[in-house]
Amino acid sequence: MVNSARTLNPYRLFLKVLFIIAVCEFLVMVLLSSLDITEGVFEFLADSLMLSVLSAPFLYYWVVIVVSRRIQSEARLNQEALERELVNKALTEKIALKQYSEDIVKSVPSSIIVVSKEQAVLSANPSSGRVLNREVVLGRQISEFLPVAGFKEAVREVFETGKAAEGLTLELRDGETTKYLQANIAIIQSTEAGSETRALIVIDDITRRIEDERTIFTMAYYDAMTGLPNRLLLMDRVSQALANARRSGELVSVLFLDLDRFKFVNDTLGHESGDELLKIVAERLRKCLRITDTVARPLNSGDEDYPAVENTVARLGGDEFIVLLTGLSKDVNVINVANRILGCFDSPVNIKGHELFITTSIGISMFPFDGDSAEELLKKADMSMYWAKEEGRNNCKMYNSTLDSRKKDWLRLEYKLHKALELDEFILYYQPQVNTVTGEITGFECLIRWQDPETELIPPGRFIPIAEESGLIIPITAWVLKNACAQANAWRLKGYADVRFSVNISMRQFKEKDFVATLTNILNETGLPPGCLEIELTESVIMTDVEHTLKILQDLKKLGIRLSIDDFGTGFSSLSYLKSMPIDVIKIDRSFIRDIPSDEDDIAITTAIINMAHSLEIEVIAEGVETFEQFELLRKLGCDNVQGYLFMKPASAQEAEAFVERWKPSAIMTFLAGCKTG
């Protein structure tokens, strides 16, 4: 509008018009003077022209002034209308924006609350009631709706300092339920002069997130089956306990527990029963520690660099557990703690109607004496645990430096065991089995020995566990079967046709899918009739995967091979399974024979086994018979055959053959009488 007013300036326009008229008048006068007209006419035309010229600018100026004022008036009215339109539009947009903001506040899932400096609620969105589990009433104190320790003080501090408080985690309890909230508090910056200071509180429900985080933490650091800390969390706790002990001078102990014969229970009763047993063991270990001990609990808060680590029970996996004892004084007796743990297993465990007696072997290592790291302490406690197992299980052993040499011996024997197969360093020994009535030799048990060129004869107790762990037991068992069958056939061809030869088969060999085929090939290669071979299996082998075992036993019986249960009475045989299996012989374990006839309990057990076997038409052999009194009692109880040092220790094939040659069945009583008097 301003530019338009400048363009139509009447004064400038008037001057321009006046200049143009003057020029035009001059041109007209020049033109008229060149025409041939009379002087009177010329003067008349000149005066008329002058009058027109002089009056036209003033008339034009008046017209321009009127038009200009009219245009400026209209422009001013248009400007005012436009300004009113813009003001109305801005006001409308402000109202819409305010309504939009209110709609957003109402629709967000977070609780949005405005409070005064006195912490009275000025406004609250609809989500506040849902988030806080209660209706928020305006004018009431915010602490009435958020009765959480420290929150009221946090709001006051924000008002006093003006500094926002972010990420406050609040634990809101409502009866048995607990909600976890996250609050952010900030001062509302108002542009209005003299307005009251207010604070905005935004609260989110983070219960699901907290629960998810705890679930993830539990999955990462705790054993799913027992709820105990797993290896990862255990190693962290041991490391922190060692850091504390280095500063305080206290002791730390690691107890490594491994359940005895757990695999047998697991294989016999099934994995579900095994899992149930592990849960029971975990609970017993929890209760076993003193009341002040805490099990499977997060670390305490405290010194940021050295958080307190409490005594812990953890599960490494399988049937292995760890007990971590921290903050021990130098006069503490860790053996007492270990013995208390052993005592927790005295009472039987009932699983699916089966009453089981479970024991454990414990290895112990100590900081700072046995190691300076979590890995080293765990390793040495593990070594001590295996020593406890070697010493008969159900006991505890402290680590000592000799175990390092024992471990090295183990590795050295394993290496040499591989070479022994290649160099044919194994030999077979034989021990006769004698009929208690006729005195005849009914069979021989074939027993492996290792003739190490560098040492003396190595008994199976030293190398069989290594062979089983390394997998060498399979080729070693195959070697025993082949050589036993070859020797048995050689004796058969010499006239010992009625003598059976028994070979003990390991579980790993028995479970090989081609075991029956392998045995068939050996019999064909050696020429031994199947009826001359007897396969000995322990109760643990018999009761593992019963359906599969029964099929293999039936296949062996179809071949004509005899089957016996070795070390009967030491496992968990089920009579219902026993009667369905094609068993020919039961061998009573030497632990029941050793103390008869003085131990009445052993006599009762032996009698029961003999009677039970005979009722199932199963033959009975007693192992470990060493005295005439044991033989005489067994004969009276009806035991069919006996085996033991009373007749002959395990001996080479040549010695066994010589024994057969000089043995006279009819003179057995005279022989035994001589043993008694001798």
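The values are calculated or read from the model by the stated rules, or taken from the named source; none is laboratory data. This structure is a prediction, so every number in the text was calculated from the model and none was measured. Neighbour counts run over all protein chains shown; Cβ positions are idealised from the backbone, glycine included.
No other residue among Ile427, Ile458 is among the hydrophobic types (A, V, I, L, M, F, W, C) and crowded, with 17+ Cβ neighbours inside 10 Å apart from Ile458.
Quick check, is Ala220 over 30 Å from Gln119 (Cα atoms) and in the same structural domain as Thr326 (by TED's automatic domain parsing)?
Working: over 30 Å from Gln119 (Cα atoms): yes; in the same structural domain as Thr326 (by TED's automatic domain parsing): no.
Against the criterion (over 30 Å from Gln119 (Cα atoms) and in the same structural domain as Thr326 (by TED's automatic domain parsing)), Ala220 does not qualify.
Of all the numbered requirements in (1) free of Cβ contacts under 8 Å to residues at least 12 places away in the same chain; (2) out of contact with any helix residue (DSSP H, G or I) (no Cβ under 8 Å at 6 or more places or on another chain), Val585 misses one, and that requirement is (1).
For region 107-154, enumerate the residues that are assigned to a strand (DSSP E or B), of a type in the set (Ser, Thr, Tyr) and surrounded by 18 or more Cβ atoms within 10 Å (Cβ to Cβ).
Correct list: Ser111 only.
Residue-by-condition table, conditions (1) in contact with a Phe, Trp or Tyr (Cβ under 6 Å, 6 or more places away or on another chain); (2) within 21 Å of Leu234 (Cα to Cα); (3) in a helix (DSSP H, G or I):
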| position | (1), (2), (3) |
| --- | --- |
| Val323 | no, yes, no |
| Asn336 | no, no, yes |
| Arg340 | no, no, yes |
| Asp346 | no, no, no |
| Ile358 | yes, no, no |
| Ser361 | no, yes, no |
| Ser365 | yes, yes, no |
| Lys379 | no, yes, yes |
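Scanning region 384-436 for residues that are polar (S, T, N, Q) and modelled with pLDDT of 85 or more yields Ser384, Asn394, Asn395, Gln431, Gln433, Asn435, Thr436.
Of all the listed residues (Arg247, Arg237), the sole one being in the same structural domain as Lys389 (by TED's automatic domain parsing), crowded, with 17+ Cβ neighbours inside 10 Å and touching a residue at least 12 places away in the same chain (Cβ under 8 Å) is Arg237. Whether any residue in region 181-198 is at pLDDT below 85, in a strand (DSSP E or B) and in contact with a helix residue (DSSP H, G or I) (Cβ under 8 Å, 6 or more places away or on another chain) is what I want to check. No, every residue in region 181-198 fails to be at pLDDT below 85, in a strand (DSSP E or B) and in contact with a helix residue (DSSP H, G or I) (Cβ under 8 Å, 6 or more places away or on another chain). Inspect region 488-498 for any residue being aliphatic (A, V, I, L, M) and touching a residue at least 40 places away in the same chain (Cβ under 8 Å) and give the result as yes or no. Yes: region 488-498 contains one or more residues that are aliphatic (A, V, I, L, M) and touching a residue at least 40 places away in the same chain (Cβ under 8 Å).
Please work out if Val313 is closer than 20 Å to Lys287 by Cα and at pLDDT 85 or above. Spelling it out, Val313 is indeed closer than 20 Å to Lys287 by Cα and at pLDDT 85 or above.
Scanning for something in a loop (DSSP other than H, G, I, E, B), among the charged types (D, E, K, R), within 18 Å of Ile473 (Cβ to Cβ) and modelled with pLDDT under 90, does region 492-506 turn up at least one residue? Give the derivation first.
First, pick out the residues of region 492-506 that are in a loop (DSSP other than H, G, I, E, B): 494-499, 505-506.
Remaining after also requiring among the charged types (D, E, K, R): 494, 498.
With the extra rule that they be within 18 Å of Ile473 (Cβ to Cβ), the set shrinks to none.
No; the residues of region 492-506 include none that is in a loop (DSSP other than H, G, I, E, B), among the charged types (D, E, K, R), within 18 Å of Ile473 (Cβ to Cβ) and modelled with pLDDT under 90.
Only a single item in (1) of a type in the set (D, E, K, R); (2) crowded, with 19+ Cβ neighbours inside 10 Å; (3) assigned to a helix (DSSP H, G or I) is not met by Lys558, and it is number (2).
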